[in-house]
1. Kindly indicate which of Q40, Q73 is at pLDDT 90 or above, in contact with a strand residue (DSSP E or B) (Cβ under 7 Å, 6 or more places away or on another chain) and either in a helix (DSSP H, G or I) or surrounded by fewer than 18 Cβ atoms within 10 Å (Cβ to Cβ) (or both).
2. Do you know which residues across the stretch 241-275 are among the hydrophobic types (A, V, I, L, M, F, W, C) and at pLDDT 80 or above?
3. Please specify each residue of the stretch 24-34 satisfying the condition of being at pLDDT below 80 and either surrounded by 21 or more Cβ atoms within 10 Å (Cβ to Cβ) or part of a helix (DSSP H, G or I) (or both).
4. Just need a number here: residues in the stretch 299-314 that are open to solvent by 30 Å² or more (accessible area, probe 1.4 Å) and not in a helix (DSSP H, G or I).
5. Are any of the residues in the stretch 225-243 in contact (Cβ under 8 Å) with a residue 24 or more places away in the chain, within 14 Å of A21 (Cα to Cα) and crowded, with 21+ Cβ neighbours inside 10 Å?
6. If I go through the stretch 376-406 residue by residue, how many of them are in contact (Cβ under 8 Å) with a residue 40 or more places away in the chain and closer than 22 Å to K299 by Cβ?
7. Here is a list: G55, G80, G100, G62. Which entry is free of Cβ contacts under 8 Å to residues at least 40 places away in the same chain, among the small types (G, A, S) and open to solvent by 40 Å² or more (accessible area, probe 1.4 Å)?
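The values are calculated or read from the model by the stated rules, or taken from the named source; none is laboratory data. Computed from a prediction, not measured in an experiment: that's the story for all the values here. All Cβ positions, even for glycine, are placed from backbone atoms using ideal geometry, and neighbour counts span all protein chains on display. Ligands, DNA and RNA are excluded from the accessible area calculation, which covers all protein heavy atoms including side chains. Shrake-Rupley method; radii C 1.70, N 1.55, O 1.52, S 1.80 Å.
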Amino acid sequence: MKTPDIVGLCAGISESAKRYAENIKKNLPRGHGFRFEEKQHSIDNSLGKDAKIVGGNNTKNGPDRVVDGINIQSKCCKTGARCVSECFEDGQFRYWNNDGSPMKIEVPKDKYESALQAMEDKIKKGQVNGVTDPDKAKDIVQEGYFTYKQITNIAKFGTIESLTYDAVNGVRIGAASMTISTAISFAYAIWSGDEWDVALRRSAWDGVRVGVFSGASSVGAAQLGRTSVEKSFMGVTDWITEKLGYKVSSWISKGSGFSITGAAAKSHTSKLLRGNVVTGIVCTAVTSIPDYCRCCQGKMSGAQAAKNTATTGSVVATGSVGWIAGAALGSAIPVVGTAFGAIVGGIAGSVVAGQVGGVAASKVLGKLKEDDSVEMMAIAEKEFSVLAVDYLLTQQEADVVKRAFIEINGVFYDMYASDNREEFAHNQLKNLIEQVVSMRKVVQLPTAEEFIKESLEATQLVVVQ
């Protein structure tokens, strides 16, 4: 696997793991509120409003969101009455703006009417200080964009709502992976001596491919996080974080963008590790699909496809660990900043660890099965040695033909699938050789007189010596 691919995929896995960890919290029984405010926020943003989620600061009785300067509390419960009752403490309304006015309370779309009625009843009972008119309930209770069922379905596996939700995040993660992979691929191409337009074309293709793989892996991992798979890895990741301790867990959490310590850091790190494991497994499966398609088409052996999958899995696993370690160390560098340091450290860590893992896997697996491409290349070289003599190729011409043959898109896959691989290689090489030979300069032989004259002079020179 190429370095740009390793970095792009590991960047995607890292982001998917963060999303996975966040989703675990939101999939808990009281996690619907987080989902609700997040979805409300996304719609307000798409409408061009100045929307911010501020509930994460844990300010007591503070707003969950601020939209165009208006403080909003988000409540997503089974009934409208429950949404309203959660806004009261010791029989009194508890969410107030700095000017003494009650905050807006947004509720699911299908709970609005019942929530409005419940708020009117609270006002009539004098439980909202300073508000005596029940009609003012309309100024407090706000109808949301989504129903309660739509929000709860996001936390379920395979529903339209959860797939849509994950797809949106998958596109974002895929785009980020594509950007990183494209940039690194372009730099590598330029450093390798490619022309600017060639480097751009190759890097764009690399970026799109990695982006698609990362986005699809993100969706798959997020869906699996809603099943029993999530719990099956919990014991292992909890044990690992216990061994890592509070300090290392805090570093890892900081590298993922969460400055937390103590038990909270260990809990978050455990979720993050589960996210990396699940996303890594899905990523390996997704990136291996093309190989198994070629296997079904007869363009690749089953052993080769399995070997490629094992190598990819090793690269993904070691690269992901490298990204986590690199991001943790990078975020601790005060000069460059936490976020930037985490990215730089993640890239460096994934490159080193991923390449080490790939090389190690290739050496081990190489003893078990020789690559299909190596077998095909041996056949091609045998055919080429015959043709090179027939056409009297120069070393320079031979190098051009070899390079052109290798660069034919999917040549080894097509050769493997061919009924007669020797004939396939012969025809491909012959076509390339004839193209090269056709560009030879026309040789004009000397006349008989010129040849005799030079021969006589050469003979005299030999006699004299």
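1. None of the others qualify; the one that does is Q40.
2. Once the filter is applied, which keeps residues that are among the hydrophobic types (A, V, I, L, M, F, W, C) and at pLDDT 80 or above, the stretch 241-275 yields L244, A263, A264, A265, L272, L273.
3. Scanning the stretch 24-34 gives I24, K25, K26, H32.
4. 1
5. yes
6. Residues that pass the stated criteria total 6.
7. Only one candidate passes the filter, namely G100.
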